[in-house]
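What follows is one structure encoded as structure tokens, with my remarks underneath.
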Amino acid sequence: MKRPHPKALGRAVEAFAGKENVTSRRMRRWVATIALAQVLIRAKERGVIKGFAIKGGHAIELRLRSKARASRDVDVIIAVASDGGIVDTVRAALTEGWSGFTFTFREAYETAHAFRFPMSAKYENVDWSTFDVEITAGDVAGEDLVEPLNLSEFSLESPDPISCLDLYAQIAQKFHGATDPDENRPRDILDIYILRQTYSFDIDRLRISVEELFAQRSKQSWPAPIELRDGWESVIAGLIDQNKFTCTVAEVLNAVNAFALELMGVAMKVNYEYRFLVLNGLARVPTVIENAVENDTALDAFTRMTQTEGWRLAHLIRYPSLGVSRSMLAVLERPIEPAE
């Protein structure tokens with residue numbers, strides 16, 4: 001198959017972007033990252049790496065394309081085949097291109113969890129796209145093979161299926177990221193919503209995946225409150241607007257909380273919304289004139305919500321907090337008011 005001229009490929013991709021209702025920049029990144037995945041597949045065949053899996057927001061984009069939010073970078077797990085470092089391994093993996101695409105990076109930057117590679121993609125030696133790739137070295141287990149956009153539509157080679165993190169493991173990671181007190185990941189709440197709206201899940205299997213991940217990481221406990229921290233509402237609203245979604249922030253939060261309740265085995269009412277609060281019990285047996293709950297900001301929020309905002313206590317669940325010996329997860333509910 002004769003490859004198209006770079007300008008012809010650019011025009012074809014831009015026209016397809018219009019059909020997908022996405023920007024041409026996003027469409028170019030899709031093509032480039034599919035090509036990058038093909039390069040990694042060939043690197044595995046050459047024995048440079050033992051395997052890889054794409055995870056994070058871009059894995060959702062590979063599955064759902066324009067139905068997913070636009071991801072800022074590409075997260076990849078790579079199983080290193082030798083004792084060499086991840087940077088040298090990636091450099092060796094990129095020595096061969098795919099269907100006219102080649103990839104280079106000037107310098108990699110180590111972050112708290114991974115290595116960040118500012119990647120430059122060229123097609124037939126002409127600049128095509130730039131994006132960041134975050135790569136973590138680790139074992140690849142439980143991946144799904146995802147059929148990407150077929151690039152033969154642009155007279156390129158037809159790509160092989162791409163290894164992505166198992167969907168159940170990915171949702172477990174999203175729940176963990178959205179509730180990690182040390183992370184700032186409001187986009188994970190939107191991703192959970194998108195996946196829940198798109199796929200049907202075996203709830204028992206997903207419950208096990210979530211519980212195992214939280215236990216393995218031993219940080220925050222599960223079940224964990226899913227709430228909008230300072231600034232998160234505006235971030236999620238911005239993502240909804242940027243991606244032209246039709247949902248609201250309130251609908252997203254309610255659906256994700258309802259999803260979490262399913263995983264806890266808690267029955268939900270139709271047309272109700274739900275919120276979680278962690279109430280800390282006293283470290284001692286209360287006297288007859290004391291409340292059994294600590295008089296803190298969580299109790300203040302509980303009091304305000306139940307006395308002035310129309311919420312009522314639906315369930316009280318033992319909360320296995322890692323830092324407090326006596327805690328309870330309060331599940332609050334109230335009817336959803338019909339839109340005017």
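The values are calculated or read from the model by the stated rules, or taken from the named source; none is laboratory data. In this text, all values refer to a predicted model and were calculated from it rather than measured experimentally. FYI the Cβ positions are ideal-geometry reconstructions off the backbone, even for glycines, and counts take in every protein chain you see. What goes into the accessible areas is simple: the full protein's heavy atoms, side chains included, and nothing from ligands, DNA or RNA. Shrake-Rupley method; radii C 1.70, N 1.55, O 1.52, S 1.80 Å.
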Residue within segment 202-217 that is within 20 Å of Arg69 (Cα to Cα), in a loop (DSSP other than H, G, I, E, B) and free of Cβ contacts under 8 Å to residues at least 60 places away in the same chain present: no
If you check Lys122 against the conditions, is it assigned to a strand (DSSP E or B), charged (D, E, K, R) and open to solvent by 30 Å² or more (accessible area, probe 1.4 Å)? yes
For residues that are open to solvent by 10 Å² or more (accessible area, probe 1.4 Å) and modelled with pLDDT of 70 or more, scanning just segment 328-340, find the one that is farthest from Thr303 (Cα to Cα). Pro338
Do we find that Asp139 is surrounded by fewer than 18 Cβ atoms within 10 Å (Cβ to Cβ) and touching a helix residue (DSSP H, G or I) at 6+ places or on another chain (Cβ under 9 Å) in this structure? no
Restricting to segment 125-142, give me the number of residues that are part of a loop (DSSP other than H, G, I, E, B) and among the charged types (D, E, K, R). 1
So, Val252, is that one open to solvent by less than 40 Å² (accessible area, probe 1.4 Å), farther than 20 Å from Phe214 by Cα, at pLDDT 90 or above and in contact with a Phe, Trp or Tyr (Cβ under 7 Å, 6 or more places away or on another chain) or not? yes
Test: Phe117 is under 17 Å from Gly10 (Cβ atoms) and either assigned to a strand (DSSP E or B) or touching a Pro at 6+ places or on another chain (Cβ under 9 Å) (or both): no
Number of the condition not met by Gln38 [criteria: (1) surrounded by 19 or more Cβ atoms within 10 Å (Cβ to Cβ); (2) touching a residue at least 24 places away in the same chain (Cβ under 8 Å); (3) in contact with a helix residue (DSSP H, G or I) (Cβ under 6 Å, 6 or more places away or on another chain)]: (3)
Check segment 47-70 and report whether any residue there is of a type in the set (Asp, Glu) and either open to solvent by less than 30 Å² (accessible area, probe 1.4 Å) or on the phi > 0 side of the Ramachandran plot (or both). yes
Could you grab the pairs with beta carbons closer than 9 Å, sequence gap of 6+ or different chains, first residue in segment 115-126 and under 27 Å from Ala79 (Cα atoms), second one open to solvent by 50 Å² or more (accessible area, probe 1.4 Å) and small (Gly, Ala, Ser)? Phe115/Ala137
Checked segment 95-118 for anything surrounded by 18 or more Cβ atoms within 10 Å (Cβ to Cβ) and among the hydroxyl-bearing types (Ser, Thr, Tyr); matches are Ser99, Thr102
Given the structure, is Glu124 at positive phi and among the charged types (D, E, K, R)? yes
Report whether or not Glu134 is in contact with a helix residue (DSSP H, G or I) (Cβ under 9 Å, 6 or more places away or on another chain), open to solvent by 50 Å² or more (accessible area, probe 1.4 Å) and in contact (Cβ under 8 Å) with a residue 40 or more places away in the chain. no
Go through Arg29, Arg91 for me and flag whichever is over 24 Å from Tyr193 (Cβ atoms) and either of a type in the set (Lys, Arg) or in contact with a His (Cβ under 6 Å, 6 or more places away or on another chain) (or both). Arg91
When both residues are 6+ apart or on different chains and their Cβ atoms are under 6 Å apart, which pairs have a first residue that lies in segment 247-263 and is under 16 Å from Val235 (Cα atoms), and a second that is of a type in the set (Gly, Ala, Ser)? Val249/Ala237
Which listed residue is touching a strand residue (DSSP E or B) at 6+ places or on another chain (Cβ under 6 Å) and hydrophobic (A, V, I, L, M, F, W, C), from Val87, Val76, Val48: Val76
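Looking only at residues that are of a type in the set (D, E, K, R) and either part of a loop (DSSP other than H, G, I, E, B) or open to solvent by 50 Å² or more (accessible area, probe 1.4 Å) (or both) in segment 263-286, which one is modelled with the lowest pLDDT? Break it down stepwise before answering.
Going through segment 263-286, the residues of a type in the set (D, E, K, R) turn out to be 269, 273, 275, 284.
Among the residues that remain, those that are also either part of a loop (DSSP other than H, G, I, E, B) or open to solvent by 50 Å² or more (accessible area, probe 1.4 Å) (or both) are: 269, 284.
Values: Lys269: 83, Arg284: 64.
Filtering first and then ranking leaves Arg284.
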State yes or no: is Ser234 free of Cβ contacts under 8 Å to residues at least 60 places away in the same chain, assigned to a helix (DSSP H, G or I), surrounded by fewer than 18 Cβ atoms within 10 Å (Cβ to Cβ) and of a type outside the set (A, V, I, L, M)? yes
